[in-house]
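The values are calculated or read from the model by the stated rules, or taken from the named source; none is laboratory data. Bear in mind that the values here come from a model prediction, so they are computed numbers and not experimental data. Positions of Cβ are generated from backbone atoms using ideal geometry, with glycine treated the same way; all protein chains shown enter the neighbour counts.
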Amino acid sequence: MALHWRYYIALISVFAFVAFIESQTTLLSKLATSYFQPSIFWSQAALVALLVKVFVQRGALGALFGSRLMLTLKEWHWLNTSFITLFISLALLAALFGFTAQVQTNNLTQQIWANYKLFVQPLLLLLWPPVAIAIFNKRSLNQKAH
């Protein structure tokens with residue numbers, strides 16, 4: 001299955017939707033300091049993915065590609081859980097690093113904050129989907145074998 005690129009398209013779709021919401025509301029600039037804006041952005045992305053899951057049984061991935069992929073509801077649930085977990089993980093990491101950078105205002109902490117935003121977030125966004133899909137494929141094969 002070609003889930004990898006579909007996972008990335010779903011990520012981009014959620015980003016675009018959250019960015020559109022932000023452009024209409026300027027919520028990030030009103031709510032938080034720059035240290036917590038990434039955390040709020042990722043929280044909004046998780047919220048969007050959760051809301052899609054509430055209204056579409058197969059979730060965000062299923063809403064985009066459900067007719068093309070013949071997966072069970074259990075498989076859709078697992079994929080969407082991993083999708084939402086990515087956003088929650090990014091939000092928590094951003095909050096942790098942002099809080100540390102805000103409390104400790106020395107040069108090293110600021111450098112760690114900058115490196116987190118520049119390297120860790122993109123790396124997680126690039127590596128999470130292949131790892132999640134590999135785990136998904138292994139789980140699916142194990143379940144079909146039983």
### Query
Just for the range 73-93: of the residues that are polar (S, T, N, Q) and over 8 Å from the mean Cα position of the chain (by Cα), which one is surrounded by the fewest Cβ atoms within 10 Å (Cβ to Cβ)?
81
### Query
Can you tell me which residues in the range 63-92 are basic (Lys, Arg) and in a helix (DSSP H, G or I)?
74
### Message
Anything in the range 94-123 that is under 17 Å from the mean Cα position of the chain (by Cα) and exposed (fewer than 14 other Cβ atoms within 10 Å of the Cβ)? List them, or say none.
### Response
96, 118, 119, 122, 123
### Task
Test residue 60 against the stated conditions and say whether it is touching a Ser or Thr at 6+ places or on another chain (Cβ under 8 Å), at pLDDT below 90, in a helix (DSSP H, G or I) and not aromatic (Phe, Trp, Tyr).
yes
### Sole residue being in contact (Cβ under 8 Å) with a residue 12 or more places away in the chain, closer than 20 Å to residue 128 by Cα and touching a Gly at 6+ places or on another chain (Cβ under 9 Å), chosen from 61, 79, 92
79
## Note on the structure
When every residue in the range 1-53 that is among the hydroxyl-bearing types (Ser, Thr, Tyr) and not in a helix (DSSP H, G or I) is compared, the one modelled with the highest pLDDT is 26
